[in-house]
Amino acid sequence: LTEQLRTVRGFRDILPEEASRWQRLEQVLRAILEAYGYREIRLPILELTEVFSRSIGEATDIVEKEMYTFADRNGDSLSLRPEGTAGCVRAALQSGLLHNQVQRLWYCGPMFRHERPQKGRYRQFNQIGAEAFGFDGPDIDAELILMNARMWRMLGLRDVRLQLNNIGTPQSRGAYRRQLVDYFSAHRAALDEDSLRRLERNPMRILDSKNPAMAGLIAQAPPIDDALDASSRGHFEELQAMLAANAVDFEINPRLVRGFDYYTNTVFEWVTTALGAQATVCAGGRYDGLVEYFGGRPTPAIGFAIGLERLLELMAFEGIGGAADGPQVYIACAGEGHLAEALRVAEALRDALPGLRIVTHCGGGSLKSQLRRADRCGAAAAIIIGEAELAAGSASLKSLRGDGGQRAVGLSKLAREVAQLLGGPGIEIGGESGTAPG
Ligand code: ATP
Ligand code: MG
């Protein structure tokens, strides 16, 4: 393909082999979200730019330099969504979902940020996220974290650890902000360009820097805990007790902050050592001020977002969820005269064994070449439709794994025999293979 027609930098195709891993991952995560009473909300990919600039904050990486923003044909400023929370709050308010009620919502889909592409960092990437509105206690914080822990468990992940912090309220952060400005001003010469810019506008964001050269300075920065107000401190202690009571390990990272202005109180990240600098697979926290900031009534809220590309990269690294869902049964046709019959047998099998993955050979060719294809696609069984078999009301069922035996089976018994053949160890019928660890 010529250079002019290739994908845009930082955008990727997900090819079929990989897509089946995506489907399995999404299926596991969706099932868990639903099992906790979270309901899906599907949101537009494009919003008025104001939705993001107002909620995420002007002095953030996203709004300052990462958004895909353009003028619509009628002059409105629109942006591709860089994250899901702002649109979710916008939709919940617009549709009255927050009116005298609590909400547990989840979303899934592509997000867009103009960042430097590298492993684990793309310009179009996918998130699954959850948002809970109307709950102000630490119990919902703990529930979200327990839900994450269950996700990692169900996927069979080992290398993910929870980091936890509490960043208090905007009021209580005033004093801390000044401490940070003092500290980083005293080390001005060591600050990189981004940090210098943040020093005046948003000093807490310096703590969020990804530049390894800044790590030493950040590690010595004043921690937030001394500055916390009593209510945030109490919330934080209760959350820790709930996590401990549920055997969730965590590490307090007093310099963990989020890139968004709207976070308050609880913040957390699930990090791995396996993905280099792109270590965070899931990030979340409270944003108690955002709904009001959007013009709604004060509504406490908390959510998280999982980076699906990073999660898949971690799963690949840990060697889990790898096997593709190829066909299980391949139907071959000896002779051109029976194509309609082959399709009919396939349809009857699909009726009898819903979810069974059956491929009917289309396009003719010798039986030998058809069986070669059956073998190559990884199917466990082939069914051969031929003159003699049909005359006797049967088809040949051939095992493609193990003994490779072949025998005639009456069409009325075919579904049962196929199920039995596939039911052997390690073979499952249907696409509901669930977590497929290992
Ligand atoms: P980072 O610090 O890595 O830039 P972030 O703080 O910008 O992440 P959030 O906005 O909190 O990330 O998004 C939540 C999750 O989405 C991240 O933890 C990560 O897993 C994923 N994510 C964010 N940006 C990207 C990207 N450009 N490409 C792939 N995944 C991403
Ligand atoms: Mg980022």
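Only the coordinates and a few stated rules stand behind these numbers; no lab work does. All figures in this text were calculated on a predicted structure; none of them were measured in a lab. All Cβ positions, even for glycine, are placed from backbone atoms using ideal geometry, and neighbour counts span all protein chains on display.
Nearest-5 percent of antiparallel DSSP beta bridges in the chain?
Close to 80 percent.
Normalising by the residue count of segment 168-225, find the relative contact order in percent from Cα pairs under 8 Å and 6+ residues apart.
35
Counting Lys and Arg as +1 and Asp and Glu as -1, each charge on the Cβ, what is the dipole of segment 1-95 about the Cα centre in debye, to the nearest 20?
On the way: 13 positive and 16 negative charges, 51 e Å.
The dipole of segment 1-95 has a size of about 240 debye.
Return, for the Cα atoms of segment 330-389, the radius of gyration and Dmax in Å, separated by a comma.
So, for segment 330-389, Rg and Dmax equal 10.9, 30 Å respectively.
What relative contact order, as a whole-number percentage, does the chain give when Cα pairs under 8 Å and 6 or more residues apart are counted?
Relative contact order of the chain: 16 percent.
What angle do you read, to the nearest 10 degrees and between 0 and 90, between the alpha-carbon axis of helix 85-94 and the longest principal axis of the chain?
Roughly 90 degrees, rounded to the nearest 10.
How big is segment 184-342 by the Kirkwood estimate over distinct Cα pairs, in Å?
19.9
Any idea what angle helix 367-376 forms with the longest principal axis of the chain, computed on alpha-carbon atoms, 0 to 90 degrees, nearest 10?
Long axis of 367-376 versus the principal axis of the chain: about 30 degrees.
Given a Förster distance of 60 Å, report the FRET efficiency between ALA245 and GLU387 from their Cβ-Cβ distance, rounded to the nearest 0.05. Provide the component values of the computation, followed by the final result.
Values: r = 70 Å, r/R0 = 1.16.
According to the calculation, E is roughly 0.30.
Given a cut-off of under 8 Å on Cα pairs at least six residues apart, what relative contact order in percent is computed for segment 333-422?
Relative contact order, segment 333-422: 27 percent.
How big is the chain along each principal axis, measuring the range of its Cα positions in Å and listing the largest first?
Here the Cα extents, ordered largest to smallest, are 89, 55, 45 Å.
Report the net charge of residues surrounding MET214, where surrounding means a beta-carbon distance below 12 angstrom and charges are Lys +1, Arg +1, Asp -1, Glu -1.
Residues near MET214 contribute 0 overall.
From the C-alpha gyration tensor of segment 1-98, pull out the three semi-axes of the equivalent ellipsoid (sqrt of 5λ each), sorted largest to smallest, in whole Å.
Calculated on Cα positions only, the semi-axes equal 26, 25, 12 Å.
Any idea which of TYR122, GLN101, ALA91 is furthest toward the positive side of the dipole for segment 86-125, if Lys and Arg beta-carbons carry +1 and Asp and Glu beta-carbons -1?
The Cα lying farthest towards the positive end belongs to TYR122.
Would you mind telling me which residue in TYR122, TYR36, TYR107 has the biggest mean-square fluctuation in a Gaussian network model of the chain, where springs connect alpha carbons within a distance under 10 angstrom?
TYR36
Mind putting a number on the dipole of the chain about its Cα centre? Charges go on the C-beta only, +1 for Lys and Arg and -1 for Asp and Glu, and I need it in Debye to the nearest 20.
820
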